[in-house]
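Before any comments, here is the structure.
The values are calculated or read from the model by the stated rules, or taken from the named source; none is laboratory data. What you are looking at is a predicted structure, and each value in this text was computed from that prediction instead of being measured. When we count neighbours, we look across all protein chains shown, and the Cβ atoms used for this are built from the backbone with ideal geometry, even at glycine. Each accessible area value is taken on the protein alone, full model and side chains, heavy atoms only, with ligands, DNA and RNA left out. Shrake-Rupley method; radii C 1.70, N 1.55, O 1.52, S 1.80 Å.
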Amino acid sequence: MQLVVGRIGRAHGIKGEVTVEVRTDEPELRLGPGAVLATDPASAGPLTIETGRVHSGRLLLRFEGVKERNAAEALRNVLLIADVDPEELPEDPEEFYDHQLMDLDVVTVDGIEVGRITEITHLPYQDLLIVERPDGSEVMIPFVEEIVPEIDLEEQRAIIAPPPGLLDEIGGDGEAGGDAKAGEAGEAE
């Protein structure tokens, strides 16, 4: 299975180093010297990491065969992809790979069906679970412990405790609906 583990940013210096936006919780495992990474677009790779270091809080990598700034700049926005055994699990039991979360059913702590995870979006400060509801609409759920207290891989579901306003009102049939009080007030006359 292939996982995106980073995105190449701008060139750094004149000797072929690039900044890397890390998209893995295990950069020392996935982005170490000697690692061979596939790329998207595929025409940019594969790339073999020659050296790596952290400078001012950013990961800098140099790839074999990339020795000067222009070559490094040509790699900007290329995604770095690692081959990972699909049975491999993160060391921390509270961490999950994207492929483990895809297609999980999402229900509230009260047992109300919300939908199914169709995508995971990685933002700088938190990840978002993109959930498709039964009616085809989407809702974005911040993937933080306070809102997603449990991931049950055996039951293939994510249990959420949404704060007020995160979800539309959910009717008794499990379908998303509007605010019943607002509808009643408009029909009162």
> For the stretch 1-76, rounded, prolate or oblate, judged on the Cα gyration tensor with a ≥ b ≥ c (square roots of eigenvalues), a/c < 1.5 rounded, else prolate if a/b > b/c?
Replying inline: oblate
>> Using helices alone, I'd like the mean residue ellipticity at 222 nm for the chain: each DSSP H run of four-plus residues gives -39500 (n - 2.57), total over residue count, nearest 500.
In response: -2000 deg cm²/dmol
> So what is the accessible area of the stretch 1-104 per residue, in Å², with the probe set to 1.4 Å?
Replying inline: 56
>> Using +1 at the C-beta of Lys and Arg and -1 at the C-beta of Asp and Glu, which of Pro86, Leu60, Tyr97 has the Cα lying farthest in the positive direction of the dipole of the stretch 60-100?
In response: Leu60
>> Going by amide H atoms built from the backbone, whose H comes under 5 Å of the H on Glu50, apart from near neighbours?
In response: Gly34, Arg62, Phe63, Glu64
> Taking the Cα centre of the chain as origin and charging only Cβ (+1 Lys, Arg; -1 Asp, Glu), how large is the dipole, in debye to the nearest 20?
Replying inline: 1980
> What percentage of the solvent-accessible surface of the stretch 1-148, computed with a 1.4 Å probe over protein heavy atoms, is contributed by carbon and sulfur atoms?
Replying inline: 49
>> Under the rule of at least 5 residues apart or a separate chain, name every residue whose amide H is placed under 5 Å from the amide H of Arg157.
In response: Asp105, Asp152
> From the phi of every residue in the stretch 130-144, what ³J(HN,Hα) in whole Hz does the Karplus formula 6.51 cos²θ - 1.76 cosθ + 1.60 yield, where θ is phi - 60° and glycine or proline is x?
Replying inline: 8, 10, 8, 7, x, 7, x, 6, 10, 9, 9, 10, x, 8, 10
> What is the spin-label model distance, in nm, from Ile130 to Glu88 if the labels are put 7 Å beyond Cα along the C-beta direction?
Replying inline: 2.5
> If you add up the charges near Asn77, with Lys and Arg at +1 and Asp and Glu at -1, over every other residue whose beta carbon is less than 11 angstrom from its beta carbon, what do you get?
Replying inline: 0
>> Against the empirical 2.2 N^0.38 Å scaling, what ratio does the C-alpha Rg of the chain come to?
In response: 1.33
> Which whole-Hz ³J(HN,Hα) couplings does the stretch 59-65 yield from phi under the Karplus relation 6.51 cos²θ - 1.76 cosθ + 1.60, θ = phi - 60°, glycine and proline marked x?
Replying inline: 7, 10, 10, 10, 9, 4, x
>> Show me, for the stretch 74-81, the HN-Hα J-couplings you get by feeding each phi into the Karplus relation (A = 6.51, B = -1.76, C = 1.60, θ = phi - 60°), rounded to Hz, glycine and proline as x.
In response: 5, 8, 3, 6, 6, 7, 9, 10
> What does the accessible area of Met102 come to, in Å² to the nearest 10, when a probe of 1.4 Å is used?
Replying inline: 70
